[in-house]
Amino acid sequence: MKYFEAKISLILLTVSLLFSCNAVKRVPNDEHLLTHNKIIVDGEEISERRIYNQLYQEPNSRILGIPLQLHFYNLAKANPDSTFNHWLNKKENRKERLVNVLSEKQVVRLGNIYVNINNWIKETGEPPAIVDTSLTKRSSERLKAWYWNNGWFNAETSYEILPQKKRRATVNYYVQPKEPYRVDSISTRIASIVADSIYNVHRADSEIVEGRQYKTADFGAERERLTSLYRNNGLFHFEQEYISFEADTINTNQKVNTSVIIQNRQATVNGIQTRIPFKVHKISRVNIFPDFNFENRKEPVTDTASNEGYYIYSFDKLKYKPKALTNAIFITPESIYSDEQRSLTYNRLNQLRIFRYPNIQYIEDPADSTGTDLIANIFLTARQRYSLGFEFDVSQSNIQKFGIGFGGSLLIRNIFKGAEILEISGRGSIGSSKDAANDDDRFFDITEVGMDVDLTLPRILFPVSTERFIPKFMYPFTKFSLGASTQTNIGLDKQSLLAIMNYRWLPSENLTHLLDLVNVQYIRNLNTDNYFNVYRNSYQELNEIATSENISPSEEYFVIGDDGMKKLEIPDGADLFLRDVRQGNIDNLTPSQSQELNDIRERKNRLSEDNLIFASNFSYILNKKENIYDEDFSRLRVKVEAAGNVLSAISGIANLQKDEDGRYNIFGVNFSQYVKTEIDYIKHWEFGRDNVFAIRTFGGIAIPYGNSNSIPFIRSFFAGGPNDNRAWQPYSLGPGSSGGRNEFNEANMKIALSAEYRYNLIGDLNSAIFVDAGNIWNVLDVVEEEASTFTSLADLEEIAIGSGIGLRYDFDFFVLRFDIGFKTYNPAGPEGRRWFRDYNLANAVYNVGINYPF
């Protein structure tokens, strides 16, 4: 441990010495490099990032205390064109020799390349933050403005530039806030009776609160609230510019007396500019044009329809059921005007993926003499009904050394004239395994072919109406999915059938509910005789016991290997030996051997048996991320799944007979019965200048019961990999302290924790320092091995810890990620030798991924 710390310290010291000498390389002799800003409020230094963000000039960004981007900038020549010309003409005949070898044109191009490289280094790096007195003064004034905007009207600020050695300097900013002002009385001067009435009804929601410290931001928020309030309550012509505030602070003893002022709107009446009171407008008519485009805008309408007060006009034969269109429209005839209804309509129309460029226009109803009725015209441009898609990829994994994937899809919009979407897709892949479990000398020994059919409906399809619980403003969808695939690989080979009926709705902008009412999956293993060829570790453990001196199984179970040693024949010998052990026909087994053989048999049965899963699940997803650029957010996902209960009830009612293991089977398959839950929480904190700290916590458990004593492989948990604990390969960590001795290690309980600090390195190249922790265990299932099971809180000592660093290159539309993980704490090691034993490049794990791990 001390040796490791000494190495790290030596590396950091060496890097610091290498870079510290040239940090001021581009700083003129009479200038200073800004190394630190301090803001001192009432004699005490503060650290609030939001206040430091007010400063116009900050020191160069640092990574581990080193201004790396500044040093990279300093690598560039100040005047690369003159530097190249000086080099070119420094030695006699150099230019002539280059021209003879390359040509004069190529020499000029060589100079341009040199200049471009230096310019790129400058653009990618960061120029020195030279202390600028004018910016320092402006920063001081901006600090004063910030405190003023937050209620300290009498705040005083000043600054001091403190030169240091080697052309460096720090800047201290001093703030004396003095006594803050607080909001006292709030009065109104609202010219329109209608606007005044609406204000008073919603007065309690005001962002300006009596007794609260004055903040300019509160007044901006109140202006936005009132604008939204009025425009969602019928005031079609209302604009934010009609709102103003007056704040009286004269002789008020640090109190602010506020007046909310709302003027009548400006309008032209009979050619005269005047102000008229606001009116509440209502929607008298909603017209929908589902096939509008620029070419037919002047053509006559040829087909019409109506539904629940909506009028539909088509330039060609109407291709949509009227109800399918009106269900997506939230602007209701005879309702008052609302901006929110228009936004909901835009969002829903875009979600349908049927139309592009929806356009909603309001005009005053010429038939209304009061000037309060509006006609809403909704112009929709249909997307192409058919869309084709193709994909191709090359991959590599811990299972295959080379793989080629390909696929295609056909998307049909509005297939049943109800805005439905049908997508038919096919996929296939071929690959070459790293360690084929057969003797076939083919390069491509892994194949998979599959097909999926998805039908999406823009509504909840259920025998009874769900409008009361899931109204249409929650954007409901129903999706039917059917899938089938067949796989031939180095393993057992399998066929899979999948059928899902899924509901999706959004109770709020940040909240998504997903419900798989029916999720049925059937997996049939085709080549179970190949089990011990695939899972070689299990076979070697089995063979070691079978050939041990203390027992004497039948010689017919063995064959002579190439090395002259006898070994269990696959599959018959291995299977018969396990059968004899189970039936008690093998004598002299030690307790540990019996337990190990029992574990091998149970694992083989579980991984080679066919699976029938009839499940339902519900997911709750709360995502606070506002957009793709938001780096300060949280995300919570909770999922609960139950399987086998319906089939168990049917089996009981039908008086089906159980097999010798006490389990029901349907169509010759023991169906799975379990309950499973997962909780996944992600939180990001943004610290400015592309610095982000992110954490992830995950916990999951699946408990078998009834017709099952274990969880199907495809529903179990695994640990390790580029999106989990990056110091271990996928499926190689756990369970518990067992050491990941199986080829694919999985279990029915998992804990995963990750923390990652992300920062900009150079240009679009980012980096990260991370720590991952977690493991998997077996609990309340058929596995009894102590090292693999979770029996008490003391087993939390088996949480593995990995740490490392990563590089990420941002291509705008995706991020290419490379991480290197080191085993920091390995619970599979001997006690007392678990920390930092494999913390070296020889035992490191390299991960390549797309986008961030969480």
Review point. Only one residue in 602, 626, 631 is acidic (Asp, Glu), surrounded by fewer than 19 Cβ atoms within 10 Å (Cβ to Cβ) and not assigned by TED's automatic domain parsing to the domain that holds residue 746, so which one is that?
Key: 602
**Study point:** Matching residues in the stretch 30-72 - criterion: being out of contact with any strand residue (DSSP E or B) (no Cβ under 7 Å at 6 or more places or on another chain) and surrounded by fewer than 16 Cβ atoms within 10 Å (Cβ to Cβ)
**Key:** 30, 43, 44, 47, 48, 49, 50, 53, 56, 62, 64, 65
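For residue 136, are the conditions met, namely being part of a helix (DSSP H, G or I), within 30 Å of residue 70 (Cβ to Cβ) and in contact (Cβ under 8 Å) with a residue 60 or more places away in the chain?
Answer is yes for this residue.
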Practice item. State all residues of the stretch 142-200 that are in contact with a helix residue (DSSP H, G or I) (Cβ under 6 Å, 6 or more places away or on another chain) and assigned to a helix (DSSP H, G or I); if no residue qualifies, say none. Key: 149
Revision key, fill the gap. Restricting the stretch 201-224 to residues that are in a helix (DSSP H, G or I) and either among the β-branched types (Val, Ile, Thr) or in contact with an Asp or Glu (Cβ under 6 Å, 6 or more places away or on another chain) (or both), the one surrounded by the fewest Cβ atoms within 10 Å (Cβ to Cβ) turns out to be 201
Practice item. Consider residue 274 carefully, then state whether it is within 45 Å of the chain's Cα centre (by Cα), assigned to a strand (DSSP E or B) and surrounded by 11 or more Cβ atoms within 10 Å (Cβ to Cβ). Key: no
Revision key, fill the gap. Those residues of the stretch 583-599 that are outside any loop (DSSP other than H, G, I, E, B) and loosely packed, with under 15 Cβ neighbours inside 10 Å come to a total of 4
Exercise for review: Tell me which residues, restricted to the stretch 647-681, are at pLDDT 95 or above, surrounded by fewer than 19 Cβ atoms within 10 Å (Cβ to Cβ) and either farther than 30 Å from residue 808 by Cα or among the β-branched types (Val, Ile, Thr) (or both).
Suggested key: 675, 677, 679
Revision key, fill the gap. Subset of the stretch 235-265, residues surrounded by 20 or more Cβ atoms within 10 Å (Cβ to Cβ), hydrophobic (A, V, I, L, M, F, W, C) and either closer than 19 Å to residue 186 by Cα or in contact with a strand residue (DSSP E or B) (Cβ under 6 Å, 6 or more places away or on another chain) (or both), comes to 243, 256, 260, 262
Review point. Quick check: anything in the stretch 268-277 without any contact (Cβ under 8 Å) to a residue 40 or more places away in the chain and charged (D, E, K, R)?
Key: no
Revision key, fill the gap. Flagged pairs (Cβ under 7 angstrom, 6 or more apart or on separate chains; first in the stretch 648-676, small (Gly, Ala, Ser); second not in a loop (DSSP other than H, G, I, E, B)) are 672/611; 672/612; 672/613; 672/643
Review point. How many residues are surrounded by 17 or more Cβ atoms within 10 Å (Cβ to Cβ) and under 22 Å from residue 132 (Cα atoms) when one looks only at the stretch 73-84?
Key: 2
Exercise for review: Among the residues of the stretch 491-509, write down those that are hydroxyl-bearing (Ser, Thr, Tyr) and within 30 Å of residue 538 (Cα to Cα).
Suggested key: 496
Review point. Just wondering, is there one or more residues in the stretch 312-329 that are farther than 25 Å from residue 371 by Cα, over 36 Å from the mean Cα position of the chain (by Cα) and free of Cβ contacts under 8 Å to residues at least 24 places away in the same chain?
Key: yes
Practice item. Report whether or not residue 197 is hydroxyl-bearing (Ser, Thr, Tyr), in the same structural domain as residue 257 (by TED's automatic domain parsing), surrounded by fewer than 16 Cβ atoms within 10 Å (Cβ to Cβ) and more than 37 Å from the chain's Cα centre (by Cα). Key: yes
Revision key, fill the gap. Condition set out of contact with any Lys or Arg (no Cβ under 9 Å at 6 or more places or on another chain) and under 27 Å from residue 742 (Cβ atoms), scope the stretch 682-705, selection surrounded by the most Cβ atoms within 10 Å (Cβ to Cβ): answer is 704
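Yes or no, residue by residue, for (1) over 19 Å from the mean Cα position of the chain (by Cα); (2) on the phi < 0 side of the Ramachandran plot; (3) of a type outside the set (A, V, I, L, M, F, W, C):
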{"position": "682", "(1), (2), (3)": "no, yes, no"}
{"position": "685", "(1), (2), (3)": "no, yes, no"}
{"position": "688", "(1), (2), (3)": "yes, no, yes"}
{"position": "691", "(1), (2), (3)": "no, yes, yes"}
{"position": "694", "(1), (2), (3)": "no, yes, no"}
{"position": "700", "(1), (2), (3)": "no, yes, yes"}
{"position": "711", "(1), (2), (3)": "yes, yes, no"}
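The values are calculated or read from the model by the stated rules, or taken from the named source; none is laboratory data. Worth saying up front: this structure is predicted, and the values here are computed from it rather than measured. Glycine gets a Cβ as well: all are built from the backbone with ideal geometry, and neighbour counts include every protein chain shown.
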